[in-house]
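**Student:** Once you've had a glance at the structure underneath, I'll fire off some questions.
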Amino acid sequence: MYDREKLKSLICEHALKFGEFTLASGKQASYYLDCRQVTLQAEALPLIGAGMLELLEADMPELVGGMVIGADPITAAILTIAGEQRRSLRGIMVRKEAKGHGTKKFVEGPYREGECVVIVEDVVTTGGSSLKAIEHCEAVGLKVERVLAIVDRLEGGEDAFAEKGYKLETLFTVEDFGIEVGK
C-alpha cells in the first residue's frame, strides 16, 4: 500500500541534501536529490513501486522501464507489486550505449514492437535522460505513452516532455519538500 507521507519522510531523511551541486544536466543547484538513497532501501522501494503503480492504474501499459541504472530498481519495484496483485506487466531496461557484444541492443527485455511503454525515472530536471530513453524505445518500435518520476525538480522537464507530446506524472515535486522554485 502506498503511504505518501512515509515516502516523503524517507526522501527528506535520506535523499535530500543541501549545499552546492552540479546536476547531470550541467546546472548548478543548492540542493541535490540522490534518490538512489531511497530506491535502494527495503523500506522505501515498495512505497515507490506502489505509488508508481497507482499512477499507472488508469491506463496500464504493457511495459515499464527507463534508463539504466536509475530506473532499474523503480522498474523492479513496480513489477514486483504488479505481480503480487496478479497484474500483467513487463519491464525493459534502456542502455545509455548499445552493448558491444551479443545482440548489441539499446533496449533490453521481453518486449514486442508496437507495445506501449511508460518510462520511469527517479528525478526529473530537464528531462534529458528520459528523452534519450524515449528515443531508444521508439527506435525499436515501442510506443511511449508518458513518463513517471519520483520527483520533478520543476526546472523544465515537464515542458520538454510536453513539447514532444508526452505527459509527466510524479509522486512529488520539489515544492512538496519546501523548496521554492524560481526564487
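**Student:** Within the chain, count lysine pairs with alpha carbon atoms under 15 angstrom apart where the residues are 8 or more positions apart or belong to different chains.
**Tutor:** Taking the Cα cut-off of 15 Å, the pair count is 9.
**Student:** Could you tell me the relative contact order of the chain? Use alpha-carbon pairs under 8 Å, at least six residues apart, and round to a whole percent.
**Tutor:** Here the relative contact order equals 16 percent.
**Student:** With semi-axes √(5λ) of the Cα gyration tensor in Å as the read-out, I listed (i) 25, 20, 15; (ii) 93, 34, 12; (iii) 32, 18, 14; which label goes with the value calculated from this structure?
**Tutor:** Entry (i).
**Student:** Where the centre of each part is set by its Cα atoms, how far does segment 22-81 sit from segment 109-160, in angstrom?
**Tutor:** Here the two parts' Cα centres lie 12 Å apart.
**Student:** Please determine, in degrees from 0 to 90 and to the nearest 10, the orientation of helix 128-139 with respect to the longest principal axis defined by the Cα atoms of the chain, where the helix direction is its Cα long axis.
**Tutor:** That helix lies at roughly 10 degrees to the long axis.
**Student:** So, in nm, how far is label THR103 from label GLU138 when the simple model puts each one 7 Å beyond its Cα toward the Cβ?
**Tutor:** Placing both labels 7 Å along Cα→Cβ, they lie 2.2 nm apart.
**Student:** When the helices in the chain are scored as -39500 (n - 2.57) per DSSP H run of 4 or longer and the sum is shared across all residues, what 222 nm value do you end up with, to the nearest 500 deg cm²/dmol? Don't skip to the answer; put the middle values down first.
**Tutor:** On the way: 6 runs with 56 residues, N = 183.
For the chain, the value works out to -9000 deg cm²/dmol.
Every read-out reported here was derived from the displayed coordinates using simple, explicitly stated rules and does not represent laboratory data. Fair warning: this is a prediction, and the values are worked out from it, not measured in the lab. So basically every Cβ, Gly included, is an ideal-geometry build from the backbone, and we count neighbours across all protein chains shown.
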